[in-house]
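A short write-up of the structure that comes next.
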Amino acid sequence: MNAVELLLKMDAGKLTTVPTGEMEIPRLSEMAGEPFIVQYKALSGRRIMELSNGVLGDDGNVDTVAAYDINLRIVAEALTSPALKDEKLLRHYKAATPAALAEIILLGGEIAKISEKVMALSGYGKDTDKTIKN
């Protein structure tokens, strides 16, 4: 069966279902006295590119500070629980933006891990395709 036939057999609604994932943040679990689980969703390629704007410096190399900011924006956008856009959380932690809230709540390594998982869930992981050799 060719790719067109396979696509025609698929439920179109399932293709628009956004993949989700979750992970525990051990440091916050310890502080809370119970498992602290964050839930996140995949982001569209267009949204990731919008959030990734500015990663290259004027010299054409990756600007590491910009890359950190991109991870913050990805986490702020992808987290569904806790939702970092929640007005109560923003006020409680005196954060101006969801990205600022992510930086208050999470350590740099935690931000990087969540961002990496979101990217993989969004199809940017290392094992997202299979190569067929003839």
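The values are calculated or read from the model by the stated rules, or taken from the named source; none is laboratory data. Quick caveat: nothing in here was measured; it's all calculated off a predicted structure. Virtual Cβ from ideal backbone geometry, glycine too; neighbours counted across all protein chains shown.
Brief remarks on what is shown
- Contact map, segment 14-43: first residue in contact (Cβ under 8 Å) with a residue 12 or more places away in the chain and within 22 Å of Arg73 (Cα to Cα), second residue among the acidic types (Asp, Glu) and in a helix (DSSP H, G or I), Cβ cut-off under 7 Å, separation 6 or more or different chains; pairs are Ile25/Glu110; Leu43/Glu77.
- Among the residues listed as Glu30, Glu50, Glu77, Glu5, the single one being surrounded by 10 or more Cβ atoms within 10 Å (Cβ to Cβ) and at pLDDT below 95: Glu50
- Note on segment 64-88: residues that are of a type in the set (Ser, Thr, Tyr) and assigned to a helix (DSSP H, G or I) amount to 2.
- Which listed residue, of Ile70, Ile37, Ile25, is surrounded by 10 or more Cβ atoms within 10 Å (Cβ to Cβ), of a type outside the set (Lys, Arg) and over 20 Å from Ala99 (Cβ atoms): Ile37
- Looking only at segment 11-27, and only at residues there that are in a loop (DSSP other than H, G, I, E, B) and at pLDDT below 90, the one that is farthest from Glu116 (Cα to Cα): Asp11
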